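Here's the structure we're looking at; comments come further down.
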Number of protein chains: 2
Amino acid sequence: MRKYRLVADQLLEEITHGKYKNELRLPTEEDLIVAYSVSKSTLRNAIDVLVDKSILYRVQGSGIYIRKPIYPDTITINSIKGFKEEFKNKKIHSKVIKLEQVEADAEISFKLQCEIGTPVYFVNRIRYVENEPFSIEYSYFNKNIIPYLGKEIAEKSIYNYIENDLNLSIGFADKYISVEKLSKIDSDHLQLNESDPSMVTEETVFLSNGKVFNHSKVIHNYKYAKFFALAKNR
Amino acid sequence: MRKYRLVADQLLEEITHGKYKNELRLPTEEDLIVAYSVSKSTLRNAIDVLVDKSILYRVQGSGIYIRKPIYPDTITINSIKGFKEEFKNKKIHSKVIKLEQVEADAEISFKLQCEIGTPVYFVNRIRYVENEPFSIEYSYFNKNIIPYLGKEIAEKSIYNYIENDLNLSIGFADKYISVEKLSKIDSDHLQLNESDPSMVTEETVFLSNGKVFNHSKVIHNYKYAKFFALAKNR
DNA sequence: TTGGATTTGTGCGTATGTATA
DNA sequence: CTATACATACGCACAAATCCA
C-alpha cells in the first residue's frame, strides 16, 4: 500500500486507541515526519486523508488538532461506503425483491451514460438495520462493466464484490438528496403510511477511470435517515 | 492571491468560456505546467480545487477530464456558501423575524462549544427565492467572535459581513441532514400544511482557527430543497 | 504592543511508481 | 510490450498565520 495511507491508518489507530487522549494537538509536522520517517509531502498527504474523514483539522501557524467525534449512526455523504460498511457495528441484512437483466432504455442510458440497448442489471433491495426496514434501493449496473451479478451477491454486498472480486476501483459519486412523499408500495415495504415523507438519494457512481457503472435511487425511512457531510471553504 | 488559486480560477474561466468545448480532456499536466509557468505541485493544487468543485476528474495514466455540469438549482453540501452565493443567478431576499442577544444556556453552549452564559446572537430569518418561501433559519452566533450583528446585516448577508467586514476566515462546517414534520409556525412561514415534511439541516460552522462561531438549524421547503454532494472514495 | 519564534501553507524541482492506451 | 500520463515520494526554501515572551 502507498506510504501516506499506511501513515494515515497508523495515525488513526493511535488516535482511536487513545495515544493522544490527553491532548487536542498532534505533534508538529516536523516531529511526525521524524516519527514516521517520511517526507513532508507524504506526511501532508496522510493528514489530508484524516482531515477529509473529519478526524483532524489544521490551523496554520498553530498545529494539527483532533476533532470531537461526529454524531454516531449517520450516513456519511462525502464518502463512498457500502451499506454494510456504513453500519458495521449494527446488525444489517438485505432482501432482494427483484434482480433482472434488461436493456437500457432512454432514461437508464442517460443515467448510466451509456448507449440505449446496453445490457444492464436492475436490482431492487430492501435494507434492514436491526431488523427494521431502513431503505429501499432501485439500482442499475452496466453489464459491460459488471459482467455478472447474482442474487447471492446482492444479498451480501455488491460493492464488496465489485472491489474485491472484480477488482475494480471505485472513484467518485454524484449524490442528490431530496424529500418525496412515499408511494403505496414503498410505504408498505418501509411499514409506513402512504404519503408519509421519505429521504431520497439519487447517486451516479463512477469508477476511477471515469466510467459510470451504477445508478441508484434509494428511498430512506425518514424516521431513521440522518446524513452527515463535512463542508470545506474553498 | 496564492498562485494555485489564480491558476484554478483562470482554468475554470477558460473551461466555462468554452476553450475546451470540443474536447473532454485537458492538456497534460506537463503541458499545463508550461502553459501557466508553474511547478508541478502548484498545478496539482489548482487541479485539486477544480476536482473538489466537481469540474474535473483525473484518471491515472490517461488524463484530466472535464465533467458534465451538475444538476442546476441544487445546494452544494460540500462547500460553505452563503444563501446569496448559492442562488446568485436567482432573485432572493430575506425577512428577519427576530434578532436578539441572549446568554447561552446548556443547549446553546453545547452547540457553540462555548461556556454557559456566553453572550450570543439569535437570528430567525425566512429566506425567499423568486419570492417563494424557501427556508427558515434559526441561527446562533458567538458574540465573543462576532461582536456585532444587526438587522441591517441579517437582511443582506451575514457571511459576507463576517468574511469581508470582520475579515474572519471561515474554515469548515459539520452538516447533518434529516427529515422532520413541520411545526404549525414553520408551516405557516413556508405556506405549507402542518405536518407536511421538511428537509432539515443542522450546521456547526468553524473558523479557520477551529473555533465554532455559528450554529444553525434550517428548515427547508421540501418541494424546492435539493442537495448535491460529491463523494470521494478514500 | 511588538517582534521574534514556532508551525502550517505554498512553491519549486526531480525521481520513481503505477495505471492506461 | 512500449510509451504516455497521472500518482507518490523526497527535500528544500520561503510565505503566512499564530503564539508568546
**Request:** Tell me which residues, restricted to the range B:59-70, are open to solvent by less than 60 Å² (accessible area, probe 1.4 Å) and modelled with pLDDT of 95 or more.
**Result:** B:59, B:62, B:63, B:64, B:65, B:66
**Request:** Kindly list the number of the only condition in (1) under 18 Å from residue A:67 (Cβ atoms); (2) of a type outside the set (D, E, K, R); (3) more than 8 Å from DNA strand C (Cβ to nearest atom) that fails for residue A:6.
**Result:** (1)
**Fill in**
Sole miss for residue A:74 among (1) open to solvent by 30 Å² or more (accessible area, probe 1.4 Å); (2) at pLDDT below 95 is condition (1)
**Request:** Determine if the range A:77-90 includes at least one residue that is free of Cβ contacts under 8 Å to residues at least 24 places away in the same chain, among the hydrophobic types (A, V, I, L, M, F, W, C) and more than 14 Å from chain B (Cβ to nearest Cβ).
**Result:** no
**Prompt:** Does residue A:223 qualify as being away from DNA strand D (no atom under 16 Å from the Cβ) and either over 23 Å from residue A:71 (Cα atoms) or touching a residue at least 60 places away in the same chain (Cβ under 8 Å) (or both)?
**Reply:** no
**Of all residues making up the range A:209-228, the number that are assigned to a loop (DSSP other than H, G, I, E, B) and farther than 22 Å from residue A:160 by Cα** = 5
**Prompt:** How many residues does the range B:26-58 hold that are within 14 Å of chain A (Cβ to nearest Cβ), among the aliphatic types (A, V, I, L, M) and open to solvent by less than 20 Å² (accessible area, probe 1.4 Å)?
**Reply:** 6
**Request:** Go through B:128, B:138, B:176 for me and flag whichever is more than 14 Å from chain A (Cβ to nearest Cβ), among the aromatic types (Phe, Trp, Tyr) and either within 16 Å of DNA strand C (Cβ to nearest atom) or free of Cβ contacts under 8 Å to residues at least 60 places away in the same chain (or both).
**Result:** B:128
**Item:** Condition check for residue B:47: over 15 Å from the mean Cα position of the chain (by Cα) and at pLDDT 95 or above
**Value:** yes
**Request:** Having 3 or more residues that are more than 16 Å from DNA strand D (Cβ to nearest atom) is the bar; report the strands (runs of 3 or more DSSP E) wholly within the range A:1-106 that clear it.
**Result:** A:92-103
**Asked** How many residues, within the range A:7-22, are open to solvent by 70 Å² or more (accessible area, probe 1.4 Å) and touching a residue at least 12 places away in the same chain (Cβ under 8 Å)?
**Response** 1
**Asked** Of all residues in the range A:16-46, which are of a type in the set (A, V, I, L, M) and near DNA strand C (Cβ under 7 Å from one of its atoms)?
**Response** A:26
**Asked** Are any residues in the range A:215-234 open to solvent by less than 10 Å² (accessible area, probe 1.4 Å), under 21 Å from residue A:193 (Cβ atoms) and within 7 Å of another protein chain (Cβ to nearest Cβ), and if so, which ones?
**Response** A:225
**Prompt:** Take the residues of the range B:59-74 that are of a type in the set (Val, Ile, Thr) and within 9 Å of chain A (Cβ to nearest Cβ): which is nearest to residue B:171 (Cα to Cα)?
**Reply:** B:74
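The values are calculated or read from the model by the stated rules, or taken from the named source; none is laboratory data. Since the model is a prediction, treat every value here as computed from it, not as a measurement. Don't worry about glycine lacking a Cβ; one is built from the backbone with ideal geometry, like all the others, and counts go over all protein chains shown. Note: areas computed on protein heavy atoms with side chains; ligands, DNA, RNA excluded. Shrake-Rupley method; radii C 1.70, N 1.55, O 1.52, S 1.80 Å.
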